[in-house]
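Visitor: Got a structure for you, written out below as structure tokens; questions coming shortly.
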Amino acid sequence: MTRPFAVAMGSNMGDRDGHLRSAASALMIDPRIRLPRLAGIYESDPAEGVGGGAFLNSVLAGLWVSGAHQLLDLCRSVELSAGSEIRKGGSERPLDLDILYLGDETMLDADLVLPHPGMTRRVFVLRPLADLLGDRPIPSVGSSPLELLARLPGSGDIATVENPPSPGEIWSRA
């Protein structure tokens with residue numbers, strides 16, 4: 001079954017830009033991901049008690065042709081290859097990948113919650129997701145990223161580092 005998906009990507013440790021680029025490349029070459037698109041890259045302060053310096057954030061979206069736990073396994077393997085631990089617990093991290101949604105699937109188990117429970121209140125997720133969805137509703141949420149951003153205080157507290165690339169491409173080096 002082919003379903004739309006989105007994965008949030010963040011890094012606030014080491015070569016942040018390099019970690020995002022490597023993660024995007026690793027995800028985009030997986031044959032189970034079809035029609036991949038990347039949002040722009042944004043910089044924001046850590047939120048929700050996470051330690052370390054500023055984050056670079058983006059979102060990768062496309063079509064996924066396998067199951068939810070297979071997407072989670074792919075994300076975890078990419079995180080591990082960047083030197084991240086699976087259970088982060090508020091620490092700074094080279095790479096953090098979170099599945100935001102997988103079609104209209106809802107899931108609540110020990111390893112995966114869909115849709116991502118924090119997605120609708122995080123500017124650093126919604127801003128890049130808006131690059132890809134604009135005013136179209138987020139699957140399984142019903143509101144668009146732009147609608148959700150308009151409801152959040154401080155939605156301007158994020159800086160654009162790089163604009164979205166063309167579909168299927170990685171960001172160009174400035």
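Visitor: Give me the Kirkwood hydrodynamic radius of the stretch 3-162, using the inverse of the mean 1/r over all pairs of distinct Cα atoms, in Å to one decimal.
Guide: In the stretch 3-162 this quantity evaluates to 15.5 Å.
Visitor: If I model a spin label at Ser77 and Ala150 as a point 7 Å from the Cα along the Cα→Cβ vector, what separation in nanometres do I get?
Guide: It works out to 4.2 nm between the two label points.
Visitor: Which whole-number percentage describes the relative contact order of the stretch 27-174, with Cα contacts under 8 Å and a sequence gap of 6 or more?
Guide: 30
Visitor: Residue separation times 0.36 nm, minus the C-alpha to C-alpha distance between Val65 and Val113: what's the value?
Guide: Once the chain is fully extended between Val65 and Val113, it gains 15.4 nm.
Visitor: If I stretch the segment between Asp15 and Met28 completely, what's the gain in nm (0.36 nm per residue apart, minus their alpha carbon distance), one decimal?
Guide: Extra length available between Asp15 and Met28 comes to 2.7 nm.
Visitor: For Ile170 and Met1, calculate 0.36 nm times their separation in residues minus their Cα-Cα distance, and state this gained length in nm to one decimal.
Guide: Fully extending the segment from Ile170 to Met1 adds 58.2 nm.
Visitor: What number, rounded to the nearest 500 deg cm²/dmol, is the helix-based mean residue ellipticity at 222 nm of the chain, given -39500 (n - 2.57) per DSSP H run of at least four residues and division by all its residues?
Guide: -8000 deg cm²/dmol
Visitor: Please identify the GluC sites (Glu not before Pro) of the stretch 30-124 that satisfy two criteria: DSSP loop assignment and at most 12 other Cβ atoms within 10 Å. Which are they?
Guide: Listed in order of number, the matching sites are Glu48, Glu85.
Visitor: Report the relative contact order of the stretch 1-110, percent, no decimals, based on alpha-carbon pairs under 8 angstrom and at least 6 residues apart.
Guide: Relative contact order for the stretch 1-110 comes out at 42 percent.
Visitor: Given +1 on the Cβ of Lys and Arg, -1 on the Cβ of Asp and Glu, and no further charges, what dipole in debye does the chain carry about its Cα centre, rounded to the nearest 20?
Guide: Details: 16 positive and 22 negative charges, 50 e Å.
Computed about the Cα centre, the dipole is about 240 debye.
Coordinate-derived values only; no laboratory data. Computed from a predicted structure; not experimentally measured. Methodologically, a virtual Cβ is constructed for each residue, glycine included, from the backbone with ideal geometry; neighbour enumeration extends over all protein chains shown.
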